[in-house]
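Let me begin by presenting the structure, written as structure tokens, before commenting on it.
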Amino acid sequence: MQRIYIDPGHGGSDTGATGNGIAEKDIVLDIGLHMSVYLRENFEGMYRRMSRTDDTDVSLEDRTNDANNWGADVFVSIHVNSFDSSTRGFETFIHDSNPTWARELQRIMHPDVFEEMQTFDASIPDRGQKLANFHVLREAQANAILTENLFIDNATDTDLLLDPAFISAVAAEHAEAVATFLGLSRISQ
């Protein structure tokens, strides 16, 4: 059984990025919950665990310790970006301490999620597949990826982040990419 750790970033007193009347912690929790349900309803041969399922504080160390102690095979940290009101786009990050398999996960997930986003708005920029020294990527023993799903302070991106169909589709593509990476079997309908 494969173990998938879903980490909606921030939570509780840590709002993450804010803009246009919404907070990152709420958007990413929505994506994470949808991702977990999608996996449960569509794939077998895996367990799912989330760093948080509600609006609570969870430290970075608690997230990675929990995933490591649980024996996660994949660690997906979900975020929404912020910079200025004119910046848009989607990007993913891995840590170079696990370049082979994390890079493969990124190679699968990045274009899948990006292409799904473009079905909603073809002008969304691809900000690329990048390396970063973020705690959750560095300290997770699993194949770890961090996704930055649009910019909360850009009004056009915010409209998408408030669209339930967009959130559901982005969550489904996160799940599909993990399933492809792990070789999960689809539940026969």
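The values are calculated or read from the model by the stated rules, or taken from the named source; none is laboratory data. The model shown is predicted, which means the values in this text are computed figures rather than measured ones. Because the Cβ atoms are built from the backbone with ideal geometry, glycine has one as well, and the counts that use them run over all protein chains shown. To get the accessible areas, we keep the full protein, side chains included, count just its heavy atoms, and leave off ligands, DNA and RNA. Shrake-Rupley method; radii C 1.70, N 1.55, O 1.52, S 1.80 Å.
Can you go through Ala172, Ala144, Ala122, Ala165 and tell me which one is within 23 Å of Arg52 (Cα to Cα), more than 15 Å from the chain's Cα centre (by Cα), of a type in the set (A, V, I, L, M, F, W, C) and at pLDDT 95 or above? Explain how you work it out, then say what you get.
Details: Ala172 fails: more than 15 Å from the chain's Cα centre (by Cα); Ala144 fails: more than 15 Å from the chain's Cα centre (by Cα); Ala122 fails: within 23 Å of Arg52 (Cα to Cα).
So the residue among Ala172, Ala144, Ala122, Ala165 that is within 23 Å of Arg52 (Cα to Cα), more than 15 Å from the chain's Cα centre (by Cα), of a type in the set (A, V, I, L, M, F, W, C) and at pLDDT 95 or above is Ala165.
Could you tell me whether the range 65-85 includes any residue that is more than 30 Å from Asn154 (Cβ to Cβ) and in a strand (DSSP E or B)?
Checking the range 65-85: not a single residue is more than 30 Å from Asn154 (Cβ to Cβ) and in a strand (DSSP E or B).
Do we have Asp62 as on the phi < 0 side of the Ramachandran plot, assigned to a helix (DSSP H, G or I) and touching a Ser or Thr at 6+ places or on another chain (Cβ under 7 Å) here?
Criteria not met by Asp62.
Within the range 15-57, how many residues turn out to be in contact with a strand residue (DSSP E or B) (Cβ under 6 Å, 6 or more places away or on another chain), within 20 Å of Ala140 (Cβ to Cβ) and not charged (D, E, K, R)?
Result for the range 15-57: 12.
Going by the structure shown, is Arg40 surrounded by fewer than 17 Cβ atoms within 10 Å (Cβ to Cβ), at pLDDT 95 or above, under 15 Å from the mean Cα position of the chain (by Cα) and in a helix (DSSP H, G or I)?
Values: surrounded by fewer than 17 Cβ atoms within 10 Å (Cβ to Cβ): yes; at pLDDT 95 or above: yes; under 15 Å from the mean Cα position of the chain (by Cα): no; in a helix (DSSP H, G or I): yes.
When the stated conditions are applied, Arg40 does not pass them.
Does the range 86-98 hold any residues that are part of a loop (DSSP other than H, G, I, E, B) and among the charged types (D, E, K, R), and which are they? Walk me through how you get there before you give the answer.
Applying the first criterion (part of a loop (DSSP other than H, G, I, E, B)) to the range 86-98 yields 86-89, 95-98.
Answer for the range 86-98, where residues must be part of a loop (DSSP other than H, G, I, E, B) and among the charged types (D, E, K, R): Arg88, Asp96.
Which residues, taken from the range 13-46, are among the polar types (S, T, N, Q) and under 16 Å from Phe151 (Cβ atoms)?
So in the range 13-46, the residues among the polar types (S, T, N, Q) come out as 13, 15, 18, 20, 36, 42.
Residues satisfying the conditions are Thr15, Thr18, Asn20.
Could you check, for the range 151-164, whether at least one of its residues is in contact (Cβ under 8 Å) with a residue 40 or more places away in the chain and assigned to a strand (DSSP E or B)?
Taking the range 151-164 first, the residues in contact (Cβ under 8 Å) with a residue 40 or more places away in the chain are 151-158, 160-163.
Of the ones still in play, those that are also assigned to a strand (DSSP E or B) are 151.
Within the range 151-164, one or more residues are in contact (Cβ under 8 Å) with a residue 40 or more places away in the chain and assigned to a strand (DSSP E or B).
Among the residues of the range 157-168, are any surrounded by 16 or more Cβ atoms within 10 Å (Cβ to Cβ), out of contact with any helix residue (DSSP H, G or I) (no Cβ under 6 Å at 6 or more places or on another chain) and more than 14 Å from Glu116 (Cβ to Cβ)?
Among the residues of the range 157-168, at least one is surrounded by 16 or more Cβ atoms within 10 Å (Cβ to Cβ), out of contact with any helix residue (DSSP H, G or I) (no Cβ under 6 Å at 6 or more places or on another chain) and more than 14 Å from Glu116 (Cβ to Cβ), which makes the answer yes.
Criterion first (among the charged types (D, E, K, R), at negative phi and open to solvent by less than 10 Å² (accessible area, probe 1.4 Å)) does Asp153 satisfy it?
Numbers: among the charged types (D, E, K, R): yes; at negative phi: yes; open to solvent by less than 10 Å² (accessible area, probe 1.4 Å): no.
Considered against the rule, which asks whether it is among the charged types (D, E, K, R), at negative phi and open to solvent by less than 10 Å² (accessible area, probe 1.4 Å), Asp153 comes out as no.
Looking only at the range 1-36, filter to residues that are within 14 Å of the chain's Cα centre (by Cα) and open to solvent by 50 Å² or more (accessible area, probe 1.4 Å); which one of those is nearest to Arg52 (Cα to Cα)?
Filtering the range 1-36 for residues that are within 14 Å of the chain's Cα centre (by Cα) and open to solvent by 50 Å² or more (accessible area, probe 1.4 Å), the one nearest to Arg52 (Cα to Cα) comes out as Leu33.
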